[in-house]
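Each remark here refers to the structure printed beneath this line.
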Amino acid sequence: MTSERTLTPAEFHRAPGVGAWRVTGVGPQAVFTATSLAHAAGLVGPVVAEAERTGIHPDLDVRPEGVVVRVPCFDFDDIPAAVAEFAAAVSRAAAELGLEPDPTRPQTVGIYVAQHSEADARPFFLAALGYEPLGDTDAIDPMRCGPQLAFNPLRHDAPRRGRTHFDVYVPADQAQARVDAALAAGGRLADDSHAPAWWSLASPDNHGVDIASWPDTYG
């Protein structure tokens, strides 16, 4: 990185030129819509050039519908300051190419694996999925294509009883709409005591989904 100074998500959002970007579960990201694969691929060169210039290492997903640019930052207190400069430059390049930003589209999906307090399911999932450890409790796809996993003990747990739910990180300005849509689709509100940081929802047959917006406003 070109700078040791870091930003919180709130400070990142105050930087100029980053209006298309949101901070989700893996760090800042933006979605730019395209009319074709060739149109979307036009952004690859500018992203690479800005990555080289700023020392940022982004993930780039190019599809006919558009381009997703992510900067992996797994510590929300520690977004490198150069990311803001990189994000603004990428947004300018996208505008020059006629790629429209869609700030409603960024999201990150994680899987929360709850387990008995005396069990450790992480080695099994690391082996089965080809993942790598992340910190003391999480696991990550080394190519950052699959969802991040988090492993935590159950409260009032029972042996041999696993429980898993999805964590869906969305932009803060989209969270309530996502919750409302899930409830309208037959879900129920299990817990909103932490809202607007996150809402815990359940499907009609009690599969769990947390809709989380807190990374986008943290700090």
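The values are calculated or read from the model by the stated rules, or taken from the named source; none is laboratory data. Just so we're clear, the structure is a prediction, and the values are computed from it rather than from any experiment. Note: ideal-geometry Cβ built from the backbone for every residue, glycine included; neighbour counts use all protein chains shown. In case anyone asks, the SASA skips ligands and DNA or RNA and just uses the protein heavy atoms, side chains included. Shrake-Rupley method; radii C 1.70, N 1.55, O 1.52, S 1.80 Å.
A few comments on the model shown:
- Selection count where residues are more than 14 Å from GLU100 (Cβ to Cβ) and without any contact (Cβ under 8 Å) to a residue 60 or more places away in the chain, scope the stretch 28-68: 24
- Residues of the stretch 86-138 that are more than 16 Å from VAL23 (Cα to Cα), touching a residue at least 60 places away in the same chain (Cβ under 8 Å), open to solvent by 30 Å² or more (accessible area, probe 1.4 Å) and aliphatic (A, V, I, L, M): LEU134 alone.
- For the stretch 91-113, the tally of residues that are of a type in the set (Val, Ile, Thr) and touching a helix residue (DSSP H, G or I) at 6+ places or on another chain (Cβ under 6 Å) stands at 1.
- Qualifying strands (runs of 3 or more DSSP E) (wholly inside the stretch 16-123; at least 1 residues being in contact with a Leu (Cβ under 9 Å, 6 or more places away or on another chain)): 27-33, 59-63, 66-70, 108-115
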